[in-house]
Structure formats: C-alpha cells, structure tokens
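Beneath this line is the structure, given in structure tokens, with notes to follow.
Taken together, the values in this text are just the output of simple stated rules run on the coordinates, not laboratory data. Keep in mind that this is a model prediction, so the values were computed, not measured. Cβ coordinates were reconstructed from backbone atoms using ideal geometry, including for glycine residues, and neighbour counts include every protein chain displayed.
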Amino acid sequence: MLYLLALFVLEGLGDPLKMLSHFEGWAWYAFYLGNIHIAIYGWQPLAVMILWSLAIEEQFYLVWPLLVRRCSTRQVLWWSGGLMVLAPLVRAFTLSVADYPATYVFTLCRVDALVAGAVVAVLFGSHTWQAEASRLCKRLAPFALVVMLMTFLIPFSPSLPATRPWFFSVFGYSWLAVSFAILLGVSLNPQGILGALLKSPVLTFLGRRCYGLYLWHVLIAGFVTVGLQQWRVGLYVHILLWLSTLLIVASGSWLLFEEPIHRLKRFLPYVQKPPVRSESQLVA
C-alpha cells in the first residue's frame, strides 16, 4: 500500500517520471487483484505491472492457511499434488481462449509454484519425512540445475512469442517450480562452502531487503533516470547510482515499515498441531 500511495502521489503531481501513462486501474491493485486486471486488459505500465506476482501471493495466503488448518499433513500433500496437476491444465485452457499474458499471470496458472514451496514446508517440517526429503533433494539437485540452465540458456522465456512455445507455456512453469523447490530443499540444511555462502552476512543483509528491492526497483530507476538527464554519465555509473539508491530505499522500507510489521507476529505465535494418534494407539 505504501508503494501504491507513492505512485498515486506521483500521478497527482502530473506523472513527472512518465511511468503511469494515464493508468486508471488503482482499485484492482489496491485489493491485490492486479494479476486479474492484467489477464483481462493486458499489460499495464511497468511501475504497477510488477505487482502481479504479489497479488497472486496474497490471494494464495487468503485461502491456503484455512486449508492447512482444516486438513491433516497428508491431506495438504494431496491438495498440493492435485494443484500441481491442475496448473498446467488451466494453462493449456487459458492459452487456447485468452493466450498471453493471461496464461502468465492468472492465479491458477501459477499456483504450482506456490504449492511446490508448500510441499517443501510440509516435508521439512515433519520429523518423519525431513531426513528422507533432504536426501532426495540432494540427489535430484544436479538434475534441477540442468533443467534451470536449459530453461535460461535456450532460452525459454515468457517475454517474446519466439521463446515461449506451447509446451513451455503449459509445462515450463511446472518444471521450474519443481526445480526451485528441490534447490530450496538443499538450501535448508546446507553444509560446507554452500552453508557458509548462504549464511554469509551479505546474503542475510540482502535477503531481509529482497522484498523492498523488488518492489521499488522500477520507481527508483525512473527517479535516477530523470535525475541524471542533465548529466552525461556512462551506463555503469547510471547502474551503480540506481543500485545504490535502491539499496538505501529498500533498507529504509525494511527498517521503518516491514520490520515493525514482522514484529507483530509475536501476538500470533505458531502453535504446532499435536501428532494424530493411530487407532491402535488409542485402543492401547
């Protein structure tokens, strides 16, 4: 909401950064429906368009906790598997009736990425399955890396028609979701050099600010570009100033806005469900 407020103020000032192009879909994005707006009306100005993925996340967070609360661990896994199968089917249907970008941004078209992460959370949150899941992820990690490298080097991409053939639009996001989930599983208990790298102060520092880095990067790029118009600077200086300013803004967003919200979690402590006893245990 803070980001949308900043954009709204800029529009009220006459859109000095020329980034909104008479944009009128504010209500969609205020209620986290930006991805639906894009699916219906097509791509929007970049400054608001980047919010489509955050809209999907919020829609997922409205539903998934209720399902987790009502279901057993195995039922959650069954739901996750069902949605993993459903997503490419929905993409195939959406591709046939609405094409792109609806196939890219519609919630059910991208739910496989979210439930892949949910599966990792379930498996690694279970004392029964954690060790086996960790071993399986380590075995599959080389294949996951090959799949991701193949995707990026060919390249398969949603950006251009020539790089998004039918089979990638339908199945590509699923294979990426599974590959990322496998690598996430490997990163949860890292050892040696990988562990030292992932726990380094630099990555920890950036990790806390990653949400702000994503959220503000377009707007800060616009400010820097307008601010440097009267100065003849090279590309590398331009990029350096953009990244430096972005890091400062993202740090301010974390310290003044995001971290205080995170601290509110102390009022909603996590309570783990007791394990469900089997019928034989109840009889005993």
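Rounded to the nearest 20 debye, the dipole size of the chain about its Cα centre is 860 debye, using +1 on the Cβ of Lys and Arg and -1 on the Cβ of Asp and Glu.
For the chain, calculate the relative contact order in percent as a whole number, restricting contacts to Cα pairs under 8 Å that are 6 or more residues apart. Relative contact order, the chain: 15 percent. Taking 4 °C and 1.567 mPa s as conditions, the stretch 59-182 diffuses translationally at an estimated 84 µm²/s according to Stokes-Einstein applied to its Kirkwood radius (Cα pairs). For the stretch 1-64, the normalised intensity computed at q = 0.13, 0.18, 0.19, 0.26 Å⁻¹ comes to -0.34, -0.62, -0.68, -1.15 (log10 of I(q)/I(0), Debye sum over alpha carbons, equal scatterers, no solvent). Cross-link partners of LYS199 among aspartates and glutamates, defined as those whose alpha carbon lies under 16 angstrom from its own and excluding same-chain residues fewer than eight positions apart, are absent. Distance from the alpha carbon centroid of the stretch 98-148 to that of the stretch 154-192 works out to 10 angstrom.
Taking ARG208, ARG70, ARG263 in turn, the Gaussian network model of the chain (Cα-Cα springs below 10 Å) assigns the largest fluctuation to ARG263. The mean of 1/r over all pairs of different alpha-carbon atoms in the stretch 129-279, once inverted, gives a Kirkwood hydrodynamic radius of 19.7 Å. For helix 210-227, what angle does its Cα long axis make with the longest principal axis of the chain, in degrees from 0 to 90 and rounded to 10? Its long axis makes an angle of about 10 degrees. In the stretch 200-264, one over the average inverse separation of all distinct C-alpha pairs is 12.7 Å, which is the Kirkwood hydrodynamic radius. Give, as ranges by residue number, the residues of the stretch 242-269 whose backbone N falls under 20 Å from the point 7 Å along Cα→Cβ of LYS18. Backbone N within reach: 242.
By the equivalent-ellipsoid construction on the alpha carbon gyration tensor, the chain comes out with semi-axes of 36, 24, 22 Å, ordered largest to smallest. Measure out, as a whole number of angstrom, how far apart the alpha-carbon centroids of the stretch 1-51 and the stretch 239-267 sit. Computed from Cα coordinates, the inter-centre distance equals 21 Å.
Counted without the sites themselves, the longest stretch of the chain free of chymotrypsin sites (Phe, Trp or Tyr not before Pro) in a DSSP loop having at most 14 other beta carbon atoms within 10 Å is 44-230.
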